[in-house]
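Student: This structure is in structure tokens; I'll ask about it shortly.
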Amino acid sequence: MLAGGNSSEREIALQSAAQVAEAFDKERYNVWLVDLCGRKFIYRNGESEYYMDLNDFSLTVEGEKIVFDYAYIMIHGTPGEDGHLQGYLEMMGVPFSSCDMTSSVITFDKVTTKRAVADTGVKLAKGMLLREEDWIAPDAIVAELGLPLFVKPNASGSSCGVTKVKSAEELPEAIFKAFDESPEVLIEECIVGREMACGVLVTADKEYLFPITEIVAKNEFFDYEAKYTAGMSDEITPADITPEIADRLHEMTLAAYKACRCKGLARVDFIVTAEGDPYMIEINTIPGMSAGSIVPKQIRAAGMTMTEVLTLVIEDALCNQ
């Protein structure tokens with residue numbers, strides 16, 4: 001399993017990896033946890049460190065060479081969610097657990113994701129994209145999108161660099177903060193409603209749409225602190241919503257997943273307005289899998305085990321490579 005990564009989500013990814021490593025079916029698979037840190041792929045065994053040979057995706061431990069035949073990717077952010085790692089694995093002919101390189105590039109870029117799903121009937125917030133060389137007067141942004149609005153990095157996760165802005169005066173600082181995470185910034189209108197998270201897995205044989213989670217953040221929105229600090233959010237699974245809204249969310253989740261050509265486990269997040277209209281926020285192609293994460297709770301609520309679902313992911317990739 002490949003863990004860690006080089007983004008601000010590194011520590012969360014390591015927590016997810018530790019949880020997933022425990023859940024693998026050890027009677028089926030030999031599991032090696034490899035930390036991708038900078039340009040190094042490191043396997044640690046006590047005090048000893050061993051470095052993968054990226055020429056053939058192998059590891060030599062105490063004179064024994066292990067050539068891996070599968071990679072479970074548990075890296076949030078770059079390079080595990082943006083297509084870089086997927087491109088390498090595809091070149092090496094190693095099957096893996098997540099979306100392919102093309103799909104990962106699409107889903108990691110928020111604007112490209114919105115363009116990919118725009119014709120599916122999934123509702124999306126209005127927004128505008130800023131590059132580092134762009135300058136749009138704050139008053140012009142407010143005139144276009146209203147207040148409040150969200151400023152977020154176009155390519156980042158875990159709500160890193162995201163700010164809810166309530167006045168034009170707050171915009172410059174929020175934009176600079178987002179640029180610290182990504183060379184492009186997305187500014188979106190604020191859709192008011194209840195936040196819902198929809199886990200999904202599609203294999204060659206079946207579509208799994210897990211019970212929906214409502215996220216009630218103690219902060220103004222589901223930011224980094226609310227996501228990863230105990231007690232800062234309530235996550236209600238299954239969500240207290242009508243069957244009609246649940247059906248619409250599942251339908252839109254599947255539409256977005258397929259439009260972006262996703263594979264493996266994913267989570268699609270929405271805001272549902274008071275009128276019952278879902279607006280998609282984003283797609284997480286390598287969702288958090290730590291003990292407190294949403295998708296593991298949904299898996300349990302569906303009457304399944306993590307081991308069962310991980311086996312489905314692995315076997316689907318191995319049988320359809």
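Since every read-out is calculated from the coordinates, none of them should be taken as a lab result. The shown structure was predicted, so the numbers you read here are calculated from the model rather than taken from an experiment. Every residue, glycine as well, gets a Cβ built from its backbone with ideal geometry; the counts of neighbours run over all protein chains shown.
Student: Working from Cα positions, state the angle (0 to 90°, nearest 10) between the long axis of helix 306-319 and the longest principal axis of the chain.
Tutor: The angle comes out at about 70 degrees.
Student: Per DSSP H run of at least 4 residues, take -39500 (n - 2.57); add these up for the chain, divide by its residues and hand me the 222 nm value, nearest 500 deg cm²/dmol.
Tutor: Calculated mean residue ellipticity at 222 nm is -9000 deg cm²/dmol.
Student: Please state the charge dipole magnitude for the range 97-180, taken about the Cα centre, from unit charges on C-beta atoms (+1 on K and R, -1 on D and E), reported in debye and rounded to the nearest 20.
Tutor: Roughly 400 debye for the range 97-180.
Student: Okay, moving on. If only Cα atoms are counted, what is the Rg of the chain, and what is its Dmax, in Å?
Tutor: Rg, Dmax (Cα atoms, Å): 19.8, 66.
Student: What order do you get for Ile212, Ile136 when you list them from fewest to most C-beta neighbours inside 10 Å?
Tutor: Least to most surrounded, the residues fall as Ile136, Ile212.
Student: Ok, one more. Among Ile141, Ile191, Ile294, determine the one that fluctuates most according to a GNM of the chain built with springs between C-alpha atoms less than 10 Å apart.
Tutor: Ile141
Student: By average Cβ neighbour count within 10 Å, what is the ranking of 30-41, 71-82 from highest down?
Tutor: Output ranking for 30-41, 71-82: 71-82, 30-41.
Student: Going by how many other Cβ atoms sit within 10 Å of their own, how do Tyr51, Tyr88 line up, fewest first?
Tutor: Tyr51, Tyr88
Student: Okay, next question. So how do Glu244, Glu173 line up by other beta-carbon neighbours within 10 Å, fewest first?
Tutor: Placing the least packed residue first, the sequence is Glu244, Glu173.
Student: From the alpha carbon gyration tensor of the range 127-189, can you work out the equivalent ellipsoid semi-axes (sqrt of 5 times each eigenvalue) and give them in Å, largest to smallest?
Tutor: Working through the eigenvalues yields semi-axes of 17, 12, 10 Å.
Student: So what is the relative contact order for the chain, in percent, with contacts set as C-alpha pairs under 8 Å and at least six apart?
Tutor: Value for the chain: 19 percent.
Student: Which entries of Lys123/Lys206; Lys123/Lys177; Lys123/Lys152; Lys110/Lys218; Lys206/Lys258; Lys126/Lys164 show an alpha-carbon separation above 22 angstrom in the structure shown?
Tutor: With Cα atoms farther than 22 Å apart: Lys123/Lys206; Lys123/Lys177; Lys110/Lys218.
Student: With only alpha-carbon pairs counted, each pair once and no self-pairs, how large is the Kirkwood hydrodynamic radius of the range 2-104 in angstroms?
Tutor: 14.0
Student: In straight Cα distance, which aspartates and glutamates are under 15 Å from Lys26, not counting same-chain residues fewer than 8 positions off?
Tutor: Answer for Lys26, where 15 Å is the Cα cut-off: Glu308, Glu315, listed by chain and number.
Student: Determine the distance separating the Cα centre of the range 6-75 from the Cα centre of the range 177-203; give it in Å without decimals.
Tutor: Here the answer is 29 Å between Cα centres.
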